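The values are calculated or read from the model by the stated rules, or taken from the named source; none is laboratory data. All values derive from a computational prediction rather than experimental measurement. Every residue, glycine as well, gets a Cβ built from its backbone with ideal geometry; the counts of neighbours run over all protein chains shown.
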Amino acid sequence: MTRFAVPGRIAVSEQAASVWQTATLTEIRRETPRVATFRLAVPEWAGHLPGQHLLLRLTAADGYVAQRHYSIASAPDGSGHIELTLDRVPDGEVSGWFHTVARPGDTVEVRGPLSGFFAWPGDRPALLIGAGSGVVPLMSMIRHHRARGLAVPLRMLVSARSPAELIYASELGAETTPVFTRSAPPGVPVGRMTTAHMAPLLAEPPVGGWEAYVCGSNGFAEHASRLLVAAGQPVDHIRIERFG
């Protein structure tokens, strides 16, 4: 999964983020049939802001190297651990290794955190819009909001194909509205995200308005951004992170 974002403010110095560190896999948690969370111990990790990502490097025995950018799922907590939630991508070299080969005790290399454009330090009302694994950096924001007991308003609208494919389903609370595109619980409409989903969230904006964070595929990011603008969200208060 490759992430694209505009450079900006980051949680640590650029020098610290440029150093490769050895991370040890300590735990694997299944989220959905295709998605799992991998907990990594990184003793020298300098910290991150919710919404940031890292660069991960795998090196094979024959010297072949594969690198991928992954959003950080965990909130910054100073524990020396970070979590990545990975969808198993068809023919994916790195995600395939994590899902089929990796076991606790294995090591990888990481570098980061990277990019501050999509980061949310908890200092402004946040409207989070995601689809599929686009919920990963948004969940870091929700976890940060809960862990710090922040009073600043935060809401999330997330799209998934079905309840079984809704990542972090057991963790989502009153701040989250799910939209299901293929199948849904009885009485819940099925279909794409529309302005009807956006409008209630934007009807009574908090003081200073919302800062919207949109994360998902290229197609979803464009669609959700258009819906936000149509519902009255200012363009200069929409931050987008795409993956593909």
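Descriptive notes on the structure:
- Residues being in contact with a Gly (Cβ under 9 Å, 6 or more places away or on another chain) and either in a helix (DSSP H, G or I) or in contact (Cβ under 8 Å) with a residue 60 or more places away in the chain (or both) - total across the stretch 219-237: 6
- Residue match in the stretch 198-211 (condition: assigned to a strand (DSSP E or B), modelled with pLDDT of 95 or more, in contact with a His (Cβ under 6 Å, 6 or more places away or on another chain) and closer than 24 Å to Pro50 by Cβ): yes
- Flag for Ala75 being outside any strand (DSSP E or B), touching a helix residue (DSSP H, G or I) at 6+ places or on another chain (Cβ under 6 Å), more than 18 Å from Cys215 (Cα to Cα) and in contact (Cβ under 8 Å) with a residue 12 or more places away in the chain: no
- Residue satisfying condition, being closer than 21 Å to Arg226 by Cβ, crowded, with 17+ Cβ neighbours inside 10 Å and not acidic (Asp, Glu), within set Val158, Val108: Val158
- Counting the residues of the stretch 176-193 that are assigned to a loop (DSSP other than H, G, I, E, B), surrounded by fewer than 16 Cβ atoms within 10 Å (Cβ to Cβ) and not polar (S, T, N, Q) gives 8.
- Among the residues of the stretch 47-71, those identified as in contact (Cβ under 8 Å) with a residue 60 or more places away in the chain and in contact with a strand residue (DSSP E or B) (Cβ under 8 Å, 6 or more places away or on another chain) are Gly47, His48, Leu49, Gly51, Gln52, His53, Leu54, Arg68, His69, Tyr70, Ser71.
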